[in-house]
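Visitor: Can you keep this structure in mind? I'll have questions shortly.
The values are calculated or read from the model by the stated rules, or taken from the named source; none is laboratory data. Predicted, not measured: the structure shown is a model, and the values here were computed from it. When we count neighbours, we look across all protein chains shown, and the Cβ atoms used for this are built from the backbone with ideal geometry, even at glycine. Ligands, DNA and RNA are stripped out before the accessible areas are found, and what is left, the full protein with its side chains, is counted by its heavy atoms. Shrake-Rupley method; radii C 1.70, N 1.55, O 1.52, S 1.80 Å.
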Amino acid sequence: MIPENAPLLFFDSGVGGLSILEPARKLLPQAPVIYAADSAFYPYGTKTEAEISARVPALLGRLVERYHPRLAVIACNTASTIALSVVRAALDIPVVGTVPAVKPAALGSRSRVIGVLGTQATVRQPYVNRLAQEFGADCLVLRHGSRELVDYAEAKLRGEVLDPAVPARALEGLFAQEGGDRMDVVVLACTHFPLVEADLAAASPRPLTFMHGGEGIARRIDYLTQGQKWPERPVPGIAVFTRLGPDTEALAPALRQFGLTEIVDL
């Protein structure tokens, strides 16, 4: 029997996973939540596959040992595309990953040109190749990795003044490629990017459809926890960081908007 206070554990290198937490909170408002950010190793998108494969399972193991979650969500495309299978083998709880929404993008594209906007590490993964071949074989799939858009999303949640040229440059990395002038759907293949979807839409010279997997992941969590008991009332969530500092303190108001009222270190 799973205790009713056993939390859902969401994990990312930074605040990007909040875009996965938000729809899950709406679907399961009673669920206790632990949100863990590996701030000491942020960002994952510039790290090597070997570094991520070694770090993520070990860190999630420590988090599971401390908080005894009923389920873990790797709310990070980079960590999921590289380390999901290793994490699942290491943990004895269900683990939900986050993968680029290439399938719905291919289904929804009229021009048959879709963009995948993620981190450098995600867009180069063979996993993305397989998604493109399986679900978008008749599509031209453009890819671009933007580290600065990840930083932009973090800065936005800290309430800092933003440079509108950053989302414009991220999109230009797709538009400038051959066929980019026909692109009509962009997959937000980094969980940070749905947090700045409005900024991307404002920066685009023409209308685009943006797709990501947050709502699908929420439904998956709901399915995997069906029949389990939850607390009668929603309880405050906890944000866990692997390194605390001025940047994490500046995130406190935004974290409260996502129901995370306590900040601790791991």
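Visitor: Return the residues of segment 237-252 that are exposed (fewer than 14 other Cβ atoms within 10 Å of the Cβ) and touching a Gly at 6+ places or on another chain (Cβ under 7 Å); say none if nothing qualifies.
Guide: Result: no residue meets the conditions.
Visitor: Then there is this: Within segment 134-150, does at least one residue satisfy the condition of being over 24 Å from Leu107 (Cβ atoms) and assigned to a loop (DSSP other than H, G, I, E, B)?
Guide: Taking every residue of segment 134-150 in turn, at least one turns out to be over 24 Å from Leu107 (Cβ atoms) and assigned to a loop (DSSP other than H, G, I, E, B).
Visitor: Restricting the search to segment 195-230, which residues are assigned to a loop (DSSP other than H, G, I, E, B), touching a residue at least 24 places away in the same chain (Cβ under 8 Å), open to solvent by 90 Å² or more (accessible area, probe 1.4 Å) and under 21 Å from Ser109 (Cα atoms)?
Guide: Scanning segment 195-230 gives a single hit, Pro205.
Visitor: Regarding Ala24, is this residue in a helix (DSSP H, G or I) and surrounded by 24 or more Cβ atoms within 10 Å (Cβ to Cβ)?
Guide: Criteria met by Ala24.
Visitor: Oh, and also: Among (1) buried (at least 16 other Cβ atoms within 10 Å of the Cβ); (2) in contact with a strand residue (DSSP E or B) (Cβ under 8 Å, 6 or more places away or on another chain), where does Arg182 come up short?
Guide: (1)
Visitor: Quick one: which residue in Ile82, Ile20 is over 23 Å from Ala6 (Cα atoms) and in contact with a helix residue (DSSP H, G or I) (Cβ under 7 Å, 6 or more places away or on another chain)?
Guide: The unique qualifying residue is Ile82.
Visitor: Can you tell me which of Arg130, Arg66 is in contact with a Leu (Cβ under 9 Å, 6 or more places away or on another chain) and part of a helix (DSSP H, G or I)?
Guide: That would be Arg66, the only listed residue that is in contact with a Leu (Cβ under 9 Å, 6 or more places away or on another chain) and part of a helix (DSSP H, G or I).
Visitor: Could you please let me know if Thr248 is among the β-branched types (Val, Ile, Thr) and part of a helix (DSSP H, G or I)?
Guide: Yes: the conditions hold for Thr248.
Visitor: To continue, here is another question. Give just the number: which of (1) in contact with a Phe, Trp or Tyr (Cβ under 9 Å, 6 or more places away or on another chain); (2) among the hydrophobic types (A, V, I, L, M, F, W, C); (3) outside any helix (DSSP H, G or I) does Ile93 not satisfy?
Guide: (1)
Visitor: Anything in segment 42-52 that is open to solvent by 40 Å² or more (accessible area, probe 1.4 Å), in contact (Cβ under 8 Å) with a residue 12 or more places away in the chain and in a helix (DSSP H, G or I)? List them, or say none.
Guide: Thr46, Glu49
Visitor: Moving to a separate point now. Among the numbered criteria (1) open to solvent by 60 Å² or more (accessible area, probe 1.4 Å); (2) farther than 24 Å from Ser80 by Cβ, which one does Val166 miss?
Guide: The failed condition is (1).
Visitor: Which residue pairs have Cβ atoms under 9 Å apart, sit 6 or more places apart or on different chains, and have a first residue in segment 1-27 that is within 16 Å of Trp230 (Cβ to Cβ) and a second that is surrounded by fewer than 21 Cβ atoms within 10 Å (Cβ to Cβ) and at pLDDT below 95?
Guide: What qualifies is Glu4/Glu232; Asn5/Val235; Pro7/Val235; Arg25/Pro234.
Visitor: Is it the case that segment 162-181 has a residue that's under 22 Å from Gly216 (Cβ atoms) and either touching a helix residue (DSSP H, G or I) at 6+ places or on another chain (Cβ under 9 Å) or small (Gly, Ala, Ser) (or both)?
Guide: Within segment 162-181 (the criterion being under 22 Å from Gly216 (Cβ atoms) and either touching a helix residue (DSSP H, G or I) at 6+ places or on another chain (Cβ under 9 Å) or small (Gly, Ala, Ser) (or both)), the answer is no, since none of the residues qualifies.
Visitor: Restricted to segment 79-127, and to residues that are among the basic types (Lys, Arg) and touching a residue at least 24 places away in the same chain (Cβ under 8 Å), which residue is most open to solvent (accessible area, probe 1.4 Å)?
Guide: This residue is Arg110.
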